[in-house]
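Heads up, the thing below is written out as structure tokens.
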Amino acid sequence: MPNQKILIVDDDQNICELLRLYLAKEGYETLIAHDGEKALELFEQNKPNMVLLDVMMPRMDGWEVCRRIRAQANTPIIMLTAKGETFDKVLGLELGADDYVVKPFDSKEVVARIKAVLRRCNPEESGKEGVIQFENLSLDMSRYELKVKGKVVEAPPKELELLAYLAGHPNRVFTRDQLLDEVWGFEYYGDSRTIDVHIKRLREKLEGASEQWSLKTVWGVGYKFEAKD
């Protein structure tokens, strides 16, 4: 363990070096880019296991880098945002980021988030194996593969984990805070809109699949995967 590559993308060399030291101490191999164009070049050449991606950078910002990575791969992305504004967080999640960390951050917290995301993406380590099946829906968490009407549907790891948790407890209502705790697996410093964004994206992928089940909003409470008997 871990023997995995982490691409660190930030125009602040001190932040890059600090993260590199912490990650090297944990056994990770690191790659560093100080602008968006270099980040994409290193990503395509090295196929890292994860990307830590700053938002504000020269030559190409983090939003565009995230878009371009998502267009070709489901590699987990953790956004590094300086302000932590709700708009920034939601935009990052809409573009396909799996998590975000607000600067200034504790390096130990970043490492903990990295480990948690990588565990979820590694079925041998996560132990979240098994297939969840409903009409026209198959979710194989041993391979992180979602099929709708028999066709594979691409989705980031976080969306699959949220769907797996809800569908694994059919007809049970969960609050947003419960879903944050259960799916993220550790104390999460985000807000409930994180869940709303992921639910919206899942609904778009699952729309019209079946009348036997659906992702339901329980107003004033949270969400549930409703399955008919």
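The values are calculated or read from the model by the stated rules, or taken from the named source; none is laboratory data. A quick note: this is a predicted structure, and the numbers were derived from the prediction, not measured. Every residue, glycine among them, receives a Cβ derived from its backbone with ideal geometry; neighbour counts consider all protein chains shown. We work out accessible area using only protein heavy atoms, side chains counted, and drop any ligands, DNA or RNA first. Shrake-Rupley method; radii C 1.70, N 1.55, O 1.52, S 1.80 Å.
Asp10 meets the stated requirement of being charged (D, E, K, R) and open to solvent by less than 20 Å² (accessible area, probe 1.4 Å). If you go through region 10-27 and keep only what is touching a residue at least 40 places away in the same chain (Cβ under 8 Å) and assigned to a loop (DSSP other than H, G, I, E, B), you end up with Asp10, Asp11, Asp12, Glu26.
Taking the listed residues Leu215, Leu206, Leu202, the one that is open to solvent by less than 40 Å² (accessible area, probe 1.4 Å), closer than 16 Å to Val90 by Cα, at pLDDT 95 or above and touching a strand residue (DSSP E or B) at 6+ places or on another chain (Cβ under 9 Å) is Leu202, with no other qualifying. Open to solvent by 60 Å² or more (accessible area, probe 1.4 Å), modelled with pLDDT of 75 or more and either more than 17 Å from Arg201 (Cα to Cα) or of a type outside the set (Phe, Trp, Tyr) (or both): does that describe Asp106? The answer is yes for Asp106.
Filtering Leu160, Leu146, Leu139 for residues that are free of Cβ contacts under 8 Å to residues at least 60 places away in the same chain, in contact with a strand residue (DSSP E or B) (Cβ under 9 Å, 6 or more places away or on another chain) and closer than 20 Å to Ser192 by Cα leaves a single hit, Leu160.
Checking each residue in region 162-181 for being modelled with pLDDT under 90 and closer than 24 Å to Tyr100 by Cβ picks out Arg176, Asp177, Gln178, Leu179, Leu180, Asp181. Exactly one condition in (1) in contact with a Leu (Cβ under 9 Å, 6 or more places away or on another chain); (2) buried (at least 18 other Cβ atoms within 10 Å of the Cβ) is not met by Glu29; state its number. Single failed check for Glu29: (2).
In summary, Val51 fulfils each of the numbered conditions (1) in contact with a Pro (Cβ under 8 Å, 6 or more places away or on another chain); (2) not in a strand (DSSP E or B) with the single exception of condition (2). Filtering Met56, Met79 for residues that are surrounded by fewer than 22 Cβ atoms within 10 Å (Cβ to Cβ) and either touching a helix residue (DSSP H, G or I) at 6+ places or on another chain (Cβ under 8 Å) or in a helix (DSSP H, G or I) (or both) leaves a single hit, Met56. Can you tell me which residue among Leu91, Leu118 is outside any loop (DSSP other than H, G, I, E, B), within 12 Å of the chain's Cα centre (by Cα) and modelled with pLDDT under 90? Result of the check over Leu91, Leu118: Leu118.
Look at Val152 and say whether it is of a type in the set (Val, Ile, Thr) and either part of a loop (DSSP other than H, G, I, E, B) or touching a Phe, Trp or Tyr at 6+ places or on another chain (Cβ under 8 Å) (or both). Answer is no for this residue.
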